[in-house]
Amino acid sequence: MVDLSPAPVPADPRGLDLRRAGAKAVLVGPAVPPALPFEVVESKIHVPPLLAGRVSRTALVNRLRAAGAFPLVLVVAPAGYGKTTLLSQWANRDVRPFAWVSIDDRDNDPVEFLRHVAAALDRVEPIPASALEPLQLDGEPARTRALPRLAEAITSRRSPFVLVLDGADVLTRDSISAVAALVEHIPSGSMIVLSGRVLPKLPVAALRAAGPLLEIGPYELALSRREAEMLLRAAQVELADAEINELVERTEGWAAGLYLVALASRAEAGKPQTILSVTGADRYLADYFRSEYLSQLAPDRLTFLRRTSVLETMSGPLCDAVLGQKGSALELATLEAANLFVVPLDRHRGSYRYHHLFRELLRQELEEREPDLVPVLNQRAADWFEAQGDAEATLDYSHAAGNEDSAARILSSIAMTVSSAGRVTAVESWLDHFDDEAQLQRYPAVAVEGSRIHAFRGRPDQAEAWLAAAEHGVPTNGEEGSATKACIDVLRAAMCADGPERMLANTESALAELPPEHPWHPWALVVNGAAHMLLGEDDRADRVLATAAEASDRLGRAESRALALSERSLLAARHDEEEAETLALEARRLIEGGELDAYATSALDLAATARALLRHGQWDEARRQLTITQRLAPSLTHAIPWLSVQVRLELGHAYVTLRDRDGARGLLAEAQEILRLRPSLGVLGEEIARLEAEIDAMPQAVGGGRSGLTRAELRLLPLLSTHLSFREIGERLFVSRNTIKTQAISVYRKLGVSSRSDAITRAGELGLVEAAAGQASPPIAGDVQSAAS
């Protein structure tokens with residue numbers, strides 16, 4: 001039998017049993033620690049054990065293991081970020097031995113502190129007796145004699161090591177001066193690590209400038225999504241991916257916060273709550289915040305924290321205005337330095353915010369202790385932001401203050417601007433505060449803005465309800481009432497419930513009331529141009545739409561400008577495809593630049609662009625555009641019927657080009673349903689009939705399935721209109737002549753023709769190839785016969 005017992009280890013002369021783990025010396029035992037000439041607290045100089053269930057911080061540990069060039073490391077973060085756990089894991093994975101001192105208030109006696117440092121280092125590698133001897137004494141003489149000897153012993157160490165001072169932020173002047181002296185003597189490859197809730201009382205700014213300094217803070221210590229998932233699993237909490245992502249965002253990766261939220265979600269016996277509903281005011285989190293921080297603060301500081309918790313972000317001037325006092329900038333800087341869950345938002349420390357969970361607790365305490373002050377503080381914040389010209393922040397704080405008059409005034413003035421900038425969801429969140437019939441009638445300017453959003457988001461019932469409320473509440477006189485009435489007319493026209501003639505009359509009336517600088521003026525022009533288009537007045541429509549595009553550009557309204565250009569592109573496509581594509585491309589740039597791809601108003605350009613791509617043989621890109629456009633279909637309803645039908649007509653023609661009968665018929669049916677609900681859509685009724693006839697003329701698919709050309713067949717089609725033989729086409733496409741022949745036969749069958757020349761003619765009719773290419777050269781002798789055989 002093979003003897004697997006370890007070989008004898010030579011006894012250390014001082015009674016220590018040292019073994020090697022890889023290249024690292026690890027203390028395995030002694031039964032009795034070697035005698036020191038002074039007493040220490042043994043528990044303070046041991047690396048804390050790794051507890052089961054702790055999340056492994058592998059990436060951060062590896063970063064620390066590779067940081068040998070840094071003689072000093074600062075690990076600073078609020079309680080619960082896992083500082084000690086990280087350092088313990090590092091100690092267990094690094095090849096260097098670790099000396100550890102858990103700092104407490106007793107270490108503010110510099111002699112007591114040096115004794116524990118010496119004892120910790122002695123456990124790693126024996127300290128010369130001459131360095132230990134002065135520490136038998138007490139008082140200043142002991143420190144004066146011991147410090148240089150201990151520093152010399154550190155300098156002369158044979159092997160690299162790591163000295164961890166966990167909790168070093170509690171050290172005061174004399175002890176921290178000793179730390180500074182030891183840092184100056186740290187040998188190459190060795191490190192001193194200082195951890196704590198706040199920066200140690202060292203000249204950190206000077207240390208940063210003087211040499212290598214590694215700093216690990218809350219950002220680095222925050223758990224990643226994967227680490228958060230591991231922690232939650234250890235707490236027996238299973239969540240969906242989206243829930244984990246949201247929880248990590250709310251807790252900001254704070255390990256203790258994640259764990260306490262998980263506990264709180266399971267706390268009520270038999271009544272588990274949704275984990276995402278747990279707030280910082282929950283008793284588990286509240287108890288932690290109070291015991292670790294709030295209980296140690298002076299009353300005036302607690303008051304500052306509670307009252308400023310109404311603010312999303314904080315600055316000195318803002319807090320001064322809200323609190324009615326001076327000195328807030330200094331107070332914020334002090335709170336940040338204390339790592340009191342205050343997060344700086346810029347490098348200049350001019351703007352801050354509270355940790356999400358911490359703020360939730362502070363806000364609840366404010367509402368419990370000073371409920372009458374909450375609206376007052378919010379109104380002061382609203383007044384300050386309005387003076388700064390920040391309309392959105394003013395709106396938010398006006399809502400929080402219960403000042404609906406101010407909120408309605410601001411919302412109606414910025415809704416168009418914000419939604420046109422690609423942020424319609426923000427406008428919808430503001431409108432939610434007014435989703436009540438009485439509120440909407442009281443604020444008709446808000447109601448008409450909401451109706452517009454609902455209409456262009458494909459919600460006809462809500463759009464009608466909000467518009468009716470606006471009509472009921474609009475003042476009968478006054479400048480504001482006239483402008484709101486004009487906006488109502490524009491929206492009634494866009495809904496086109498009474499046909500294009502009424503649509504035209506409504507917009508003409510609105511344009512007479514709205515000044516050119518009014519946010520709704522470009523939309524009035526767009527809808528007016530659409531009315532002329534529905535009436536078959538293409539030239540007039542194009543002129544009005546050109547004016548709409550210019551007005552939109554002047555006011556910075558990308559959405560209405562893009563739609564005006566898209567409508568002009570459709571009109572131009574009837575006689576000048578090059579001009580049509582130029583206009584469509586300009587609209588596309590606006591849509592992409594303004595992040596308007598998800599807007600229903602962008603669908604028309606997307607569909608028109610897809611048809612242009614098909615004409616150029618760019619099949620893959622065309623199909624991608626068609627897919628994107630169809631995702632917008634839920635927003636294209638009879639709320640804005642003319643636009644919804646136009647988009648479906650463009651898509652329907654594209655599917656005809658692709659020989660997709662089923663796809664084209666589905667779009668035709670949708671357009672017909674909109675026409676049933678809104679029967680007076682002018683020329684669009686005739687265009688629907690033409691699309692139906694075009695679909696009926698398509699050759700029946702073999703086997704009853706979809707008959708669209710394959711990608712290879714679409715690639716071949718433009719080359720059939722050239723003088724190239726099948727062999728030459730095959731050389732260009734890097735396939736054999738027989739492959740080209742097989743593909744050509746398939747194309748003929750799907751197009752319902754029997755020759756190359758007929759295929760080219762039919763493809764030109766369907767827009768599958770350029771019009772110029774449709775004038776095909778005579779067929780190549782032999783190819784036709786062989787293809788048809």
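The values are calculated or read from the model by the stated rules, or taken from the named source; none is laboratory data. Source: prediction; values computed, not measured. Note that each Cβ is placed from the backbone with ideal geometry, even for glycine, and that neighbours are counted across all protein chains shown. Remember, those area values only see protein heavy atoms, side chains included, never the ligands or the DNA or RNA. Shrake-Rupley method; radii C 1.70, N 1.55, O 1.52, S 1.80 Å.
For this structure, a couple of remarks:
- Distance from the stretch 390-409 to the stretch 278-326 (C-alpha centre basis), Å: 23
- Computed from backbone phi, the HN-Hα couplings of the stretch 595-610 come to 6, 9, 4, 8, 8, 4, 5, 8, 5, 5, 5, 4, 5, 5, 5, 4 Hz, rounded to whole numbers (Karplus: 6.51 cos²θ - 1.76 cosθ + 1.60, θ = phi - 60°; Gly and Pro given as x).
- Charged neighbours of P317, selected by a Cβ distance under 15 Å, balance to -3 (K, R count +1; D, E count -1).
- Cα-centre dipole for the chain with unit charges at Cβ (Lys and Arg positive, Asp and Glu negative), debye to 20: 3200
- Calculated FRET efficiency for the pair D241/E184, C-beta based, R₀ 56 Å, to 0.05: 0.70
- On a per residue basis, the convex hull of the C-alpha atoms belonging to the stretch 128-266 measures out at 173 Å³.
- Rounded to the nearest 5, the antiparallel percentage of DSSP beta bridges internal to the chain is 30%.
- Hull volume in cubic angstrom per residue (convex hull over the Cα atoms of the stretch 280-322): 81
- Förster-model FRET efficiency, 30 Å R0, A546 and E621, C-beta, rounded to 0.05: 0.60
- Enclosed volume per residue, in Å³, of the convex hull spanned by Cα atoms of the stretch 66-212: 104
- 0 to 90° range, to nearest 10: angle between helix 139-155 axis and the chain longest Cα axis: 60
- Per-pair calculated FRET efficiency, R0 = 41 Å: S509 and H433 via Cβ, rounded to 0.05: 0.85
- Distant-in-sequence amide H partners of V164 (H built 1.01 Å from N, under 5 Å): A99, W100, V101, V193
- Couplings for the stretch 334-345, taken from phi via the Karplus curve 6.51 cos²θ - 1.76 cosθ + 1.60 with θ = phi - 60°, read 5, 5, 5, 4, 7, 6, 8, 6, 10, 10, x, 9 Hz in order; Gly and Pro are left as x.
- Options L302, T274, L323, ranked by Cα towards positive dipole end of the stretch 255-337, top entry (Cβ charges): T274
- When its C-alpha radius of gyration is set against 2.2 N^0.38 Å (N residues), the stretch 529-633 gives a value of 1.02.
- Which of A573, Y284, G594, positive extreme of dipole for the chain (C-beta unit charges): Y284
- For the chain, the carbon plus sulfur part of the accessible surface works out to 52%, probe radius 1.4 Å.
- Cross-link reach is defined here as a Cα-Cα straight distance under 20 Å, omitting same-chain residues fewer than 8 places apart; for K201 the aspartates and glutamates meeting it are D104, D105, D107, D109, E112, D166, D169, D174, E184, E215, E331, E336.
- Among 719-728, 485-494, the peptide with the highest mean count of other Cβ atoms within 10 Å heads the list, and the full ranking is 485-494, 719-728.
- On Cα atoms only, tilt of 460-473 relative to the major axis of the chain in degrees: 90
- Under a model in which nothing but the beta-carbon of Lys, Arg (+1) and Asp, Glu (-1) is charged, the stretch 426-582 shows a dipole of about 240 debye around its Cα centre.
- Remark on M314: its backbone amide H falls under 5 Å from those of Y352, R353, a criterion applied only to residues 5 or more positions apart or on other chains, H modelled at 1.01 Å from N.
- Between the stretch 66-143 and the stretch 220-238, the C-alpha centres lie 30 angstrom from each other.
- Charge tally around Y443: other residues with Cβ under 9 Å, Lys/Arg +1 each, Asp/Glu -1 each, net 0.
- Taking the Kirkwood radius as Rh and the Cα radius of gyration as Rg, the stretch 596-752 has a ratio of Rg/Rh equal to 1.05.
- The packing ranking, built from the mean of other Cβ atoms within 10 Å per residue, places the peptides 295-304, 359-368, 639-648, 576-585 in the order 639-648, 359-368, 576-585, 295-304, highest first.
- Bridgeable aspartates and glutamates around K741 (alpha carbons under 19 Å apart, same-chain partners fewer than 8 residues away excluded): E713, E728, E731, D758, D783.
- Probe 1.4 Å, protein heavy atoms only - accessible area per residue of the chain in square angstrom: 45
- Two-decimal Rg/Rh across the stretch 407-518, once Rg and the Kirkwood Rh are taken from alpha-carbon atoms: 0.94
- The alpha-carbon of K485 sits under 17 angstrom from the alpha-carbons of these aspartates and glutamates, leaving out residues fewer than 8 places away in its chain: E449, E464, E471, E508, E513, E517.
- The calculated pair-distance distribution of the stretch 326-420 uses every alpha carbon pair, bins of 5 angstrom beginning at 0, and gives 2, 12, 15, 18, 21, 16, 10, 4, 1 percent.
- Principal semi-axes of the equivalent ellipsoid, √(5λ) from the alpha carbon gyration tensor of the stretch 487-561, are 18, 14, 9 Å from largest down.
- Where Rh is the Kirkwood radius over Cα pairs, Rg/Rh for the stretch 586-689: 0.96
- Estimated dipole of the stretch 296-389 in Debye, rounded to 20 [Cβ of Lys and Arg +1, of Asp and Glu -1, Cα centre]: 280
- Dimensions (Å) - the chain, Cα atoms, principal axes, largest first: 107, 82, 55
- The Cβ shell under 14 Å around K83 holds other residues with a net charge of -2, Lys and Arg each +1, Asp and Glu each -1.
- Backbone amide hydrogens, once placed in the peptide plane, bring I216 within less than 5 Å of L74, V75, V76, excluding anything fewer than 5 places away on its chain.
- Unit charges at the beta carbon, dipole of the stretch 369-510: most positive-side option, S398, A415, G481: A415
- Mean projected area (nm²) of the alpha-carbon convex hull when the stretch 191-309 is viewed from all directions: 10.5
- The stretch 619-634 - phi-based ³J(HN,Hα) in whole Hz, Karplus 6.51/-1.76/1.60, Gly and Pro as x: 5, 4, 5, 4, 4, 4, 5, 5, 5, 4, 5, 5, 5, 8, 3, x
- Coarse-grained scattering of the stretch 243-313 at q = 0.15 Å⁻¹, given as base-10 log I(q)/I(0) from a Debye sum over alpha-carbon atoms: -0.59
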